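Reviewing the structure listed below.
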Amino acid sequence: MIEFRNVTKMLGGRAVLDGVSFHVEQGETFVIVGSSGVGKSVTLKHMVRLFRPDEGEVLVDGESISRATGSRLEKMREQFGYLFQGGALLAWLTVAENVALPLREKTALSNDEILKRVRETLKLVGLENDGHKHPSEISGGMQKRAGLARAIVRQARIVLYDEPTSGLDPVTSRAIDALIEGMRRELGVTSVVVTHDLHSALSIGARIAMLHGGKMIECAAPEDFVRSSRPEVRAFLESQFITKRGAWERIIQ
Ligand SMILES: Nc1ncnc2c1ncn2[C@@H]1O[C@H](COP(=O)(O)OP(=O)(O)O)[C@@H](O)[C@H]1O
Ligand SMILES: [Mg+2]
């Protein structure tokens with residue numbers, strides 16, 4: 001469904017992505033982990049052509065989005081919902097108006113239908129009583145959930161989530177995991193999730209990939225990922241109490 005073929009991207013004088021290849025299958029939740037600044041957001045942005053590879057290409061359903069132009073590019077982008085890392089809400093619109101935006105811009109739904117869909121989606125993320133507020137009047141966690149509502153409101157077939165649970169409490173984080181999993185199960189949505197949250201990664205990911213030094217150094221199902229022998233993967237796992245046997249244990253020195 002989404003394929004990276006040997007993608008190299010230079011930013012700030014270095015290859016942030018250095019010949020990266022992988023394939024996200026239709027209907028799967030594909031998780032990307034890795035340290036800060038390693039290129040996770042840059043990877044997501046290539047999927048909707050907010051970045052273009054210097055070498056290689058990105059294909060969506062077999063068609064190059066890296067080379068698409070004009071209305072064809074617009075059409076390809078319309079298949080995606082996107083939760084940006086910072087939430088990226090428009091400050092001058094209310095929460096409900098922010099969530100309605102993709103429906104107003106990209107669908108022919110009537111105003112009544114839009115209001116109904118916005119109400120339902122706000123309820124899904126626990127913001128049913130906050131639609132009338134402006135982003136500055138709600139907490140960071142609520143802004144995150146509003147961004148999430150905007151990403152899923154159109155029921156796009158592919159949703160990209162950039163750190164959907166960062167800065168949220170564990171209970172809200174698990175609710176967001178359940179939401180992502182529910183969209184896969186009930187609507188067949190394909191998701192790509194960038195996260196630092198190992199709990200999320202293991203519970204929603206069909207496969208987990210790790211970026212390091214411009215390369216995808218691991219890409220495996222959760223049960224294999226936790227047994228990876230790559231030192232960078234081990235360091236990531238051990239920082240979150242996963243041992244070599246793949247068991248979730250507190251390591252007491
Ligand atoms: N628009 C940009 N211009 C120049 N450098 C960028 C840009 N976006 C990201 N970078 C650089 O690319 C690297 C990877 O960034 P990013 O993908 O945001 O990291 P993360 O894995 O934390 O999401 C960083 O070194 C960042 O400074
Ligand atoms: Mg990022």
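Since every read-out is calculated from the coordinates, none of them should be taken as a lab result. Computed from a predicted structure; not experimentally measured. Using ideal geometry, Cβ is built from the backbone for each residue, glycine included, and neighbour counts are taken over all protein chains shown.
Points worth noting:
- Structure-based [θ]222 nm, the chain - -39500 (n - 2.57) summed over DSSP H runs of at least 4, per residue, nearest 500: -11000 deg cm²/dmol
- Prolate/oblate/rounded label for the stretch 125-182 (Cα gyration tensor, a/c 1.5): oblate
- Placing +1 on the Cβ of every Lys and Arg and -1 on the Cβ of every Asp and Glu, with nothing else charged, gives the stretch 86-156 a dipole about its Cα centre of roughly 200 debye.
- In this calculation the C-beta distance from K106 to D224 is compared with R0 = 41 Å, giving a FRET efficiency of 0.60.
- Too-long pairs where the Cα-Cα distance tops 25 Å, listed order kept, from K40/K133; K45/K75; K45/K215; K75/K123: K40/K133; K75/K123
- Taking Lys and Arg as +1 and Asp and Glu as -1, the other residues whose beta-carbon sits under 15 Å from that of Q26 total -1.
- Centre-to-centre separation between the Cα atoms of the stretch 44-98 and those of the stretch 1-42: 14 Å.
- Fewest-first ordering of H132, H46, H23 by other beta carbons within 10 Å of each residue's beta carbon gives H132, H23, H46.
- Each Lys and Arg contributes +1 and each Asp and Glu -1, all at the Cβ; summed about the Cα centre of the chain, the dipole is approximately 200 debye.
- Relative contact order of the stretch 182-243, taken over Cα pairs closer than 8 Å and 6 or more residues apart, is 20 percent.
- Each peptide in 183-193, 5-15 was scored by the mean count of other Cβ atoms within 10 Å over its residues; highest first, the order is 183-193, 5-15.
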